[in-house]
Amino acid sequence: MMAAHLLALSLLLLVVGIYGVLTRRNIIGILLAVEVILNAANLNFITFARWGGADPVAGSVFPVFVMAVSACEMAVALAIIIALFRQKNNLDVNRLRGLNG
Amino acid sequence: MHEVALIVLSGLLLLFSLAVVVAPNILHAAIALIASFLVTSAIYLQNGAEFAALAQIMIYIGGIVIFMVITVLLTSRLGEENIYFTPTWQRLTGVGVSAALLLVSFLIAARVYRARLVPTTIGPGAIADLDAIGLRLLRSDSEGLALPFELISVLLLISLIGAIVIARKEPAAGKGGAS
């Protein structure tokens, strides 16, 4: 019962995050929504570590790897955002067309 | 008792995550993200994952979100400058795609449940204690996680240098030369 509850919660978080990625216009907002999706993935790992997983230790360790990779991603992404803001002075993805084909 | 606590925590988590996604002011969204991470670590604690809960608080709340808040403050005055309102077509597309994803996942879950591919009544398994986690992280045999653990440190170093290089101010045109 609890495992199913946690998995449903994780699925809902994923859907909320995808909605955010699709609807945000500020780049930082999109990054925040990606964090929500990563949170859903971590919740899944922890759920299977506790409920019926074969290897609880690996299930508890993998969220930490996810966090470390996400920290790297954030460092580079926020540096890019700051450089972008200096050049274009806005963060609206609907108006940043520098890489459009 | 546990069930009630879990339902309350799940409701809070969904509420804060929705706030992250829909709050017009990006600074409010970042603060809602902090709250949602705190609730998530409470859920981790409830499920016996102390290590992940503490890492969540220290790395996510103490590091990543604070970093994001600083970036928000650098690029807009208290988040009030760069508020972009989402057009209705984009909002409707988001709702449509999310609802479709939810529907498909629900159908798959129902099918898996009906086919009895997974046991429907799972009891709680063993709790991973901190000793086991630490030993596992530094073991180098086929089940050990020493290689990814060390690779993570190299990755952090690379992204640190990359971030500095990208965000560095361009040297002024008149002076020339890299400083």
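Condition first: closer than 30 Å to B:ALA132 by Cα, touching a residue at least 24 places away in the same chain (Cβ under 8 Å) and under 15 Å from the mean Cα position of the chain (by Cα). Now tell me which residues in the stretch A:30-54 satisfy that.
A:GLU35, A:ILE37, A:LEU38, A:ASN39, A:ALA40, A:ALA41, A:ASN42, A:LEU43, A:ASN44
In the stretch B:42-81, which residues are closer than 26 Å to A:ASN90 by Cα and polar (S, T, N, Q)? Walk me through how you get there before you give the answer.
Restricting attention to the stretch B:42-81, the residues satisfying the condition of being closer than 26 Å to A:ASN90 by Cα are B:63-81.
Within the stretch B:42-81, B:THR71, B:THR75, B:SER76 meet the criteria.
For B:GLU50, all conditions in the list (1) at pLDDT 90 or above; (2) open to solvent by 60 Å² or more (accessible area, probe 1.4 Å) hold save one; what is the number of the exception?
(1)
Is it true that A:VAL57 is surrounded by 20 or more Cβ atoms within 10 Å (Cβ to Cβ) and either among the β-branched types (Val, Ile, Thr) or more than 7 Å from every other protein chain (Cβ to nearest Cβ) (or both)?
The answer is yes for A:VAL57.
So, B:ILE59, is that one facing another protein chain (nearest Cβ under 10 Å), surrounded by fewer than 23 Cβ atoms within 10 Å (Cβ to Cβ) and more than 17 Å from the chain's Cα centre (by Cα) or not? I'd like the intermediate steps shown before the answer.
Details: facing another protein chain (nearest Cβ under 10 Å): yes; surrounded by fewer than 23 Cβ atoms within 10 Å (Cβ to Cβ): yes; more than 17 Å from the chain's Cα centre (by Cα): no.
Answer is no for this residue.
Anything in the stretch B:4-17 that is facing chain A (nearest Cβ under 9 Å) and open to solvent by 70 Å² or more (accessible area, probe 1.4 Å)? List them, or say none.
B:ILE7
Give the number of residues within the stretch A:3-29 that are open to solvent by 40 Å² or more (accessible area, probe 1.4 Å), under 12 Å from the mean Cα position of the chain (by Cα) and over 30 Å from B:GLY125 (Cα atoms).
Result for the stretch A:3-29: 2.
Determine which single condition B:PHE85 fails, assuming it passes every other condition in (1) within 9 Å of chain A (Cβ to nearest Cβ); (2) open to solvent by 80 Å² or more (accessible area, probe 1.4 Å); (3) without any contact (Cβ under 8 Å) to a residue 40 or more places away in the chain.
(3)
Okay, residues lined up against (1) at pLDDT 95 or above; (2) over 20 Å from A:ILE37 (Cα atoms):
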| position | (1), (2) |
| --- | --- |
| B:HIS2 | no, yes |
| B:VAL39 | yes, no |
| B:VAL69 | no, no |
| B:THR75 | no, yes |
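For the stretch A:79-98: of the residues being in contact (Cβ under 8 Å) with a residue 40 or more places away in the chain and under 25 Å from B:LEU157 (Cβ atoms), which is least open to solvent (accessible area, probe 1.4 Å)?
A:ILE81
Right, A:VAL69: crowded, with 19+ Cβ neighbours inside 10 Å and either free of Cβ contacts under 8 Å to residues at least 24 places away in the same chain or more than 20 Å from the chain's Cα centre (by Cα) (or both) or not?
No, not satisfied.
Can you name every residue in the stretch B:129-161 that is under 28 Å from A:VAL76 (Cβ atoms), open to solvent by less than 80 Å² (accessible area, probe 1.4 Å) and more than 22 Å from the chain's Cα centre (by Cα)?
B:ALA146
Across the stretch B:65-76, what is the number of residues that are part of a helix (DSSP H, G or I) and facing chain A (nearest Cβ under 9 Å)? Steps first, answer last, please.
First, pick out the residues of the stretch B:65-76 that are part of a helix (DSSP H, G or I): B:65-75.
Keeping just the survivors that are facing chain A (nearest Cβ under 9 Å) gives B:65, B:67-68, B:70-72, B:74-75.
Of the residues in the stretch B:65-76, 8 are part of a helix (DSSP H, G or I) and facing chain A (nearest Cβ under 9 Å).
Name the pairs: first residue in the stretch B:18-37 and within 14 Å of A:VAL34 (Cβ to Cβ), second residue open to solvent by 40 Å² or more (accessible area, probe 1.4 Å), Cβ to Cβ under 6 Å, at least 6 apart or on different chains?
Note: pairs meeting the criteria are B:SER36/B:PHE16.
The values are calculated or read from the model by the stated rules, or taken from the named source; none is laboratory data. All figures in this text were calculated on a predicted structure; none of them were measured in a lab. We place every Cβ from the backbone using ideal geometry, glycine too, and count neighbours over all the protein chains shown. Note: areas computed on protein heavy atoms with side chains; ligands, DNA, RNA excluded. Shrake-Rupley method; radii C 1.70, N 1.55, O 1.52, S 1.80 Å.
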